[in-house]
1. Looking at 53, 31, 122, which one has the Cα that reaches farthest to the positive end of the dipole of the chain (charges on Cβ: Lys, Arg +1; Asp, Glu -1)?
2. Which of the peptides 221-230, 159-168 is most tightly packed, and how do the rest follow, going by the mean number of other Cβ atoms within 10 Å of each residue?
3. Over all distinct Cα pairs, what is the inverse of the mean 1/r for the chain, reported as the Kirkwood hydrodynamic radius in Å?
4. One-quarter of the Cα convex hull surface for segment 1-83, in nm²?
5. Count the lysine pairs in the chain that are 8 or more places apart or on different chains: how many have C-alpha atoms under 12 angstrom apart?
6. Testing the spin-label approximation: label points 7 Å from Cα along Cα→Cβ at residue 240 and residue 272. State their distance in nm.
7. Enumerate the amide H contacts of residue 83 below 5 Å, restricted to partners 5 or more residues apart or on another chain; note that Pro and chain-start residues carry no placed amide H.
8. ³J(HN,Hα) across segment 193-203 via Karplus (A = 6.51, B = -1.76, C = 1.60, θ = phi - 60°), whole Hz, x for Gly/Pro?
Amino acid sequence: MDNAFNTPAQVLDANMRAGEGKAKLPLLKCILLGIMAGAFIAFGGASSNAAVHNIANQGLSKTLAGCIFPVGLMMIVFVGGELFTGDCLMIAGVADRKFSVLAMIKTLLIVFFSNMAGAVIIAALVYCSGLLDYTNGALGAFTIKVAFGKTTITPFKAVCSGILCNILVCMAVLMATAAKDIAGKVWAIFFPICAFVIGGWEHCVANMFYIPAGIFASMNGNYVARAEELYGITADQIAANLNIGGFVSNLIPVTVGNMLGGMVFIALPLYAIHRSKIVNKTK
């Protein structure tokens, strides 16, 4: 009788084989898959912001956002997309000599900037669509607040937060591989992603939406005024932090943390644990 789900060794083996395919993707296909993944994550961020922007209770707000945000990774898994944070698991394939470290770096760089393009496009469309006008501009103010919080986090906290985030994201990717049916994959993705959102941890691709969305929102005087009214964030503070410099200052340490979380805390330990089973299987 077949198991209801794949074993951890089978999951890791499947992930490494998938990584081998990622390393060989044609450039245009890799870019398009990266743009799609960035856009899908952005949809999760935009819809969760819209749902929670007027909820004062932080626990309730984070829980509701955690229930909505996972839709982004679900779309990636079911429809297709290359997500930088999940692709950090490729390091296991490098350790197994299925492809070179240079091939991994090349893929990660292409996916990273393609994710950014997809996320920024959705951020611009969200701004132009008028969605941020919700509740007399309160959603625009909330978008500014979220981005402001991210651009003012210290680098050390950003790295630690990034580690915690991608431990859970990579677990969601691997657990989805463990499941053999779509319902199982939905729940496998839902709980780890929900946990990371409730924890408020930093995800570089999500921030490729949240921070540009805040920058776009800061161009609207009504949203800026509402941000000062609702959250006490002044126009000068917004101007000083919601810019390209603030975006980069968040993205660098968060990306480092995400890479450490996915590679050092998940992929390499799992490879060390299950390597012998994978080697025996291939003999």
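Each reported figure results from applying straightforward, stated rules to the coordinates on display, with no laboratory input. Everything numeric here is computed off the predicted structure, so don't read it as measured data. Virtual Cβ from ideal backbone geometry, glycine too; neighbours counted across all protein chains shown.
1. Result: 31.
2. The most tightly packed comes first, giving 159-168, 221-230.
3. Evaluated over the chain, this radius sits at 19.2 Å.
4. 7.7
5. The number of close lysine pairs in the chain is 4.
6. Once both label points are built, they end up 4.4 nm from each other.
7. Here nothing satisfies the definition.
8. Rounded to whole hertz, the list is 5, 4, 5, 5, 5, 4, x, x, 7, 8, 10.
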